[in-house]
Amino acid sequence: MNNHKFGWIVGSTISTIIVLLLTLLITTCVHKTRSPSSTQEKITIKEEVYKLRDKPTRFKPNTYMPKLKESKASGAIDLSTFSPGKSLVFVDDSRAWWESDHDKNDTEDDHSMYITMEAPLRRLIDLISEQNAILKIQDTYRASGIHNPHSLHKEGRAIDLTCDKLGLEELAKLCWMVGFDWVYYEAKAKGGAHVHCSVKRSEN
């Protein structure tokens, strides 16, 4: 075999090996970056990112978690330490329904809430959107009006929620999972059944 033919065979073999290695590398990368296909896989990823709590097996009407009074779980109201300008943030997400955007007879703004409320609320919107449902934010910060004098709504640390295409028990379970400090499935509320959640003050 002359040197020219030998060199051609060696070169052809090396080229084939390189093509095979590149194909294997591309296939491996695509497999690793492919989005999860099932809902369960998506939830697992969010559990890792958000460190979600375990989902309760039941959340009966007119019960709350943890089994403490709200003033113990989230802390009692203290307006002397509250400043709307420093304590509240504006939150918006087009995937959710905000009551104050549709209520023309009320000056309330449901987008305003205490700073520690934002993270669990955004997690909740993510999870509910994955189930093709719509979270409805009914009430957040109210300086005065319908709530009792000790209501955490007066500090923006409480939020009232319902949901389209998702039952209130399931909503309550998800509210607990995403990290609200107190979750109450309030089935006998005067304004209608809803899930009431609240958060602790910021430590900063």
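Here are some notes:
- Taking other C-beta atoms within 10 angstrom as a stand-in for reagent exposure, Glu99, Glu70 fall in the order Glu99, Glu70, fewest first.
- Label separation (Thr57 vs Asp103): 3.8 nm, computed from points 7 Å beyond Cα along the C-beta direction.
- Computed FRET value (nearest 0.05) for Asn132 with Ala76, which takes r as the C-beta separation and R₀ as 45 Å: 0.70
- Residue-span extension gain [Leu68 to Glu118] - 0.36 nm each, minus C-alpha spacing: 15.7 nm
- In the range 47-110, trypsin sites (Lys or Arg not before Pro) in a DSSP loop with at most 15 other beta-carbon atoms within 10 Å: Lys51, Arg53, Arg58, Lys67, Lys69, Arg95, Lys104
Coordinate-derived values only; no laboratory data. Nothing here was measured: the structure is a model prediction, and the numbers come from that model. Methodologically, a virtual Cβ is constructed for each residue, glycine included, from the backbone with ideal geometry; neighbour enumeration extends over all protein chains shown.
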